[in-house]
1. Restricting the search to the range 634-675, which residues are among the aromatic types (Phe, Trp, Tyr) and in a strand (DSSP E or B)?
2. Give me the residue from the range 47-64 that is over 17 Å from Ala92 (Cβ atoms) and assigned to a loop (DSSP other than H, G, I, E, B) and, out of that set, most open to solvent (accessible area, probe 1.4 Å).
3. Applying the selection to the range 476-489, what residues are surrounded by fewer than 18 Cβ atoms within 10 Å (Cβ to Cβ) and of a type in the set (Ser, Thr, Tyr)?
4. How many residues does the range 157-183 hold that are assigned to a strand (DSSP E or B) and either open to solvent by less than 10 Å² (accessible area, probe 1.4 Å) or more than 25 Å from Asp60 (Cβ to Cβ) (or both)?
5. Using the structure shown, decide if Val646 is modelled with pLDDT under 90 and surrounded by 17 or more Cβ atoms within 10 Å (Cβ to Cβ).
6. Could you list, in sequence order, the residues of the range 378-418 that are modelled with pLDDT of 90 or more and farther than 27 Å from Asp321 by Cα?
7. If you check Val472 against the conditions, is it within 29 Å of the chain's Cα centre (by Cα), open to solvent by less than 10 Å² (accessible area, probe 1.4 Å) and in contact (Cβ under 8 Å) with a residue 12 or more places away in the chain?
8. Which residue pairs have Cβ atoms under 6 Å apart, sit 6 or more places apart or on different chains, and have a first residue in the range 383-395 that is on the phi > 0 side of the Ramachandran plot and a second that is loosely packed, with under 13 Cβ neighbours inside 10 Å and not polar (S, T, N, Q)?
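The values are calculated or read from the model by the stated rules, or taken from the named source; none is laboratory data. Bear in mind the structure is a predicted one, so any value in this text is a computation, not a measurement. So basically every Cβ, Gly included, is an ideal-geometry build from the backbone, and we count neighbours across all protein chains shown. Calculation scope for accessible area: heavy atoms of the full protein, side chains included, ligands and nucleic acids excluded. Shrake-Rupley method; radii C 1.70, N 1.55, O 1.52, S 1.80 Å.
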Amino acid sequence: MHLRGIALLAVFGALSSPAHAQYEQQLGPLAGAVKQQMLEGWTAGVQDGWFTLHNPTKPDSEQTLYMNVGPAPDSGRVTDVNVVVKSANPKASIGVALSNRANKALCLLELTADKNTLLFCLQGQNRRDIASVPNVAKLDGSDRIRVVELPGAARFIVNGKQIGDVSNEPATGAELGIMAYDVGTFGIADFKITMTGNESGAAPAAAGLPARGGAGGGGGGATQKPQAPAAGQSGGDSNPGLPGEGPYPRFGGDTMRIVSVYIGIMRSIFMHEFGHALIGELELPSTGAEEDAVDIYSALQIVEPTMYPSDNKDVNIMAQDAAKYAALQWYYSGKLAERRGADASSAWQDEHTGDLKRFRNMLCIMYGGNPAVFESIAKHVGLEDRTRARCSDEFNKQNRAWNKILAPHTRVGTWTPEGQQAANAPGAPVNVVFQPSKRKIGNLFANNLSEAISNNIKLLGERYVLPRPVNVVFKDCGQLNAWYSPREGSITMCYELIENIAVMISDIEMGTVGGEVAAQGGGAAPGSAAPRQQPAQPGQGMPPSAIDELKDLGVPATTMLFTAPYKGPTPNKIYRAQVITTGDLVGMIQKDKNLLIVDTSGLRDTVPIGYPLPDAGSDGSVTDRLQQDLDAWLLKNNGGNRKAPVVILGAGMNDRSAYNAALRAGTLGWTVYWYRGGVEAWAANGLPTTSSMPKK
């Protein structure tokens, strides 16, 4: 396997084991156990923001979800989870267990349906009761269990009250998880494990936890009682498991996508700065603009893993998606600058090429190196055929040039056959340091991804013969930046820059606001960030549509407005609105007399009661003057009722103006339905049209 593929696989494992994405928000690192460990008679799901285990008919049945955690580190480990149990059997229970199957040992803290809190340990058939405390559990959705561990010892806390300690138990040091018992429904939310050794700011040892002592019960704890999770949310923290401030976009909980986005961002920034470092440290010639030259070097390094796939399908997918995001960040940034009408009067003086041109140059190199992988992006952004035809030559020329320039400084090897240095040639290393961060995304890298990324970056020190160490530091900088320092021979990677780009991508692709899930109308809201696409009202008596109005045309949903002339395939999903079909619209017309239908197509004919308003689908931005005018027009034409539904339609599935208008109206907070099939689908189903004379 390609070394970069191995490193990427390690990153994937470091972030999260493969899991049911729909359970990750509630179960975090435990989500991967669901599929493998569910027993017959038990079912799993998500309800009102909780991961639920349900056992309807099997008394005395016990369901566990375990993960291998190994011994607690010397600095400590904290497990934290929100639980609830509903059962007619007072002995039904849910709790946190430490287990070591090799030793046939278990320690379990459980909350029972009659509000008892029990802590006991088992070894074989021998049971040792440690604590039984009534009425600590409330069973109202606010109960929180914390387990604070040091090597060989653990303290169990419920709602801030210390229940008991265990030490020298054979159950510790192997597995940790959730156990549910008997008939009932059991809820779990906000499960997280923190390797910081801190519990409310104090180290476990400082809180009096014995390192190797006996077991005890009772006592009081200083842990603050958390709030119950809101419906559709896991606990009080929408970004579980990461300390620090700021947003943490989770891209719908899809682990592979999370890895792809964050690694793509990081590699694009780092490889650019490392290109500067190679030019500076090796005194390489750069006959053109250095910023452009290192963009090309970055693109060559990023596309390389996609050109030499491994035998691991997941690694290949992540390598490809990471490469796509490495380039797409420049496209998104450039398009946003266009929407803002960024001042170009002084841009020509910047040493960096404009973002869209940087995107074009990087994408062309990647497309030339692997057209099949980047074809979808090339089509989506409208990369012209004549440009694509040149990209193969551009890739070959740039790849040959960089290989030739670097060959005298490159060790010969399997992946560097052009190297002119011996495989064991002496040289300085590339060192990597991840500093702790005040930001969530900073700590994602520092706590979860640092080892795998460090190993990957250090390979560059094995590839090139460097005259002195290159020291790479990831840190909080207080600015959106990254840079190479020729004086120090160092590269600084700012967490803030990675966070800023991740939030931008999330807002565009997931419809979030500032990286957080947003409700229709722009407010913060719990739940999934996936576009809503359930039909508003089912049509009554309609035959199947004459065309597939929900067909996937390969265009992803976006919160950016499509630019003129608005012709081209549309997404089959939309943020801040709902997609409807012909049958749905017929039903809505029959049932709702307050329905307002807006047609942006500019065609002569439209659906009955449709208002022609082509300007509503104009490009620009959702904060421009047209946005205010559209809001005023909608208010005027529906009698001032902001709750009345609005249907937006265009000429058909290749009319992007209707998508724009639906996105604009949805952002304003209207209840919006996008009739994607438009006039074309309406007529194809044999339904009558009317003249679209302007209405006053």
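1. Tyr673, Trp674, Tyr675 - these are the residues of the range 634-675 that are among the aromatic types (Phe, Trp, Tyr) and in a strand (DSSP E or B).
2. Once the filter is applied, the top-ranked residue is Asp48.
3. Ser485
4. Result for the range 157-183: 13.
5. Spelling it out, it is not the case that Val646 is modelled with pLDDT under 90 and surrounded by 17 or more Cβ atoms within 10 Å (Cβ to Cβ).
6. Lys404, Ile405, Leu406, Ala407, Pro408, His409, Thr410, Arg411 - these are the residues of the range 378-418 that are modelled with pLDDT of 90 or more and farther than 27 Å from Asp321 by Cα.
7. Yes, satisfied.
8. Listed pairs, sorted by first residue: none to list.
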